[in-house]
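For reference, the structure is listed below as structure tokens.
The values are calculated or read from the model by the stated rules, or taken from the named source; none is laboratory data. This structure is a prediction, so every number in the text was calculated from the model and none was measured. Cβ atoms come from the backbone with ideal geometry, glycine included; neighbour counts cover every protein chain shown.
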Amino acid sequence: MLRDLRRTLGLWRAQAGWLAAGIAVSAGSALLGVALLALAGQGIASALDGAALGGGIAFLLLRPLVALRPAARWSERMVTHAATFRALADTRIWFFRRLADRLPGGIGLGRSGDLLGRLVSDVDSLDGLYLRALVPVISALAVVLAGAALLAGAPLLAAIVALPLALALLLPLLLAPGAARAAAQAAAAQ
């Protein structure tokens with residue numbers, strides 16, 4: 001599984017700038033969301049506590065973040081999808097070049113459309129690797145690391161906050177190999 005991931009990421013090496021930009025924009029968007037939650041909570045807590053100045057400052061800082069959040073989400077969608085489309089285009093080019101080198105006479109007349117359709121759908125399924133796996137995991141990791149860095153002055157609080165989040169990030173990675181084996185066995189049984 002890791003070998004396949006490394007190979008796929010190797011095919012996408014030419015688009016590393018786009019892929020990294022998508023992850024950076026996604027992490028920034030996630031951090032904006034956390035900042036919005038934190039400032040809103042601080043503003044409400046200050047208002048309930050009677051500290052008008054603290055609550056007022058928090059609510060003043062909320063305005064630019066509220067304006068930036070939709071722009072950040074839009075940018076995230078645009079950059080990550082552009083990166084995905086570019087990476088998939090590179091994968092298709094690599095695949096069809098290799099196919100042409102190995103089958104100079106073509107793939108034959110019988111059922112070539114079925115084979116082509118299957119190959120295209122297999123390459124298209126790789127969009128989930130970047131958009132639904134790598135970007136969310138790395139963005140969530142950035143949020144956990146930022147939270148741990150902000151709470152560095154209070155190590156116990158940092159551990160209480162960061163450890164469950166880090167474990168939640170690791171759980172899918174630990175369960176994925178078993179799920180992949182089960183899916184392969186189910187496919188082989190059919």
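Within region 61-86, residues that are at pLDDT below 95 reach partners that are acidic (Asp, Glu) and surrounded by 13 or more Cβ atoms within 10 Å (Cβ to Cβ) with beta carbons closer than 8 Å, at six or more positions or on different chains, in the pairs 84/127. The listed residues are 16, 30, 21, and the only one of them that is in a helix (DSSP H, G or I) and either over 30 Å from residue 177 (Cβ atoms) or without any contact (Cβ under 8 Å) to a residue 60 or more places away in the chain (or both) turns out to be 16.
Residues that are without any contact (Cβ under 8 Å) to a residue 60 or more places away in the chain and among the hydroxyl-bearing types (Ser, Thr, Tyr) occur in region 40-49; there is at least one.
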